[in-house]
Each structure stands twice: as C-alpha cells, then as structure tokens.
1. What does the extension gain come out to for Leu85 and Leu20, with contour length at 0.36 nm per residue minus their alpha carbon separation?
2. The list [x] 126; [y] 57; [z] 110 gives values of volume of the Cα convex hull per residue in Å³, and only one came from this structure; which label was calculated from it?
3. Which helices, taking whole DSSP H runs in the chain, have alpha carbons extending 30 angstrom or more along the helix axis plus mean Kyte-Doolittle at least -0.5?
4. Got a number for carbon plus sulfur as a percent of the chain's accessible area, 1.4 Å probe?
5. Leaving out ligands and nucleic acids, note down the accessible area per residue over the chain with a 1.4 angstrom probe, in whole Å².
6. Would you be so kind as to identify which of Ala83, Leu60, Val24 lies farthest towards the positive end of the dipole of the chain, taking Lys and Arg as +1 and Asp and Glu as -1 on Cβ and the Cα centre as origin?
7. Rounded to the nearest 20 debye, what is the charge dipole size of the chain about its Cα centre when +1 sits on each Lys and Arg Cβ and -1 on each Asp and Glu Cβ?
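The values are calculated or read from the model by the stated rules, or taken from the named source; none is laboratory data. The structure displayed is predicted, hence computed values, not measured ones. Neighbour counts are summed over all protein chains in view; Cβ atoms, including those assigned to glycine, are modelled from backbone coordinates with ideal geometry. Keep in mind that these areas ignore ligands, DNA and RNA; they rest on the heavy atoms of the full protein, side chains included. Shrake-Rupley method; radii C 1.70, N 1.55, O 1.52, S 1.80 Å.
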Amino acid sequence: MNIDSPLPFVLLGVLLLLGLAFTVGFVILVIKLAQRSASKQQELAEGAEFLEPPSLATRLAEIEDAYQQGLITEEERAEARRAALAQA
C-alpha cells in the first residue's frame, strides 16, 4: 500500500461529509415532525373547546332569551329549564 496516496484521506473526508449531511437531515426531519405534532395537538385542543357543552347559566340565559323573544311558550320554557337543570 502506498503511504503517499491521498485517496484514503479523500474517501474518509467524503464519508465524514456524508455522515454529517445525514445527521443534519435527520435533525431537520425530527424538528419538522415535532412542530407538526405540536400544531396538531394545538388544533385538537382548540377544537375540544367547542365540544364542551355550555354551562348551566349560559343554557338558562339562552332559554330565557328565547322566551322573551317569543320563540318558545311558557310550557316549553319550563320544560327546557327542567331538562337543563337535570343535565347539570
């Protein structure tokens, strides 16, 4: 084997550069996946707020507003209030 040949050093340099490139690519991939996961979790958390039923006070206020506007009768108002209180 010829000691004066630069070929082993060139090959070693190329392998080191390839390893570095793969490492950087992997780190970038992991960061992007983490960001995507975080954004999906945030979207799910925002969407979960709409899944919660309204509070009892809000529901009773809605029933009272509907009654005041003449959208429901007094009997329907009483029934809706009973149903809201039963769900609480």
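1. Contour length minus Cα-Cα distance gives 16.9 nm.
2. Matching the structure shown: [x].
3. Long hydrophobic helices here: 7-51.
4. 65 percent
5. On the way: 7820 Å² over 88 residues.
Averaged over the residues of the chain, the accessible area is 89 Å².
6. Highest projection toward the positive end goes to Val24.
7. Working: 7 positive and 12 negative charges, 123 e Å.
Charge dipole, the chain, about its Cα centre: 600 debye, nearest 20.
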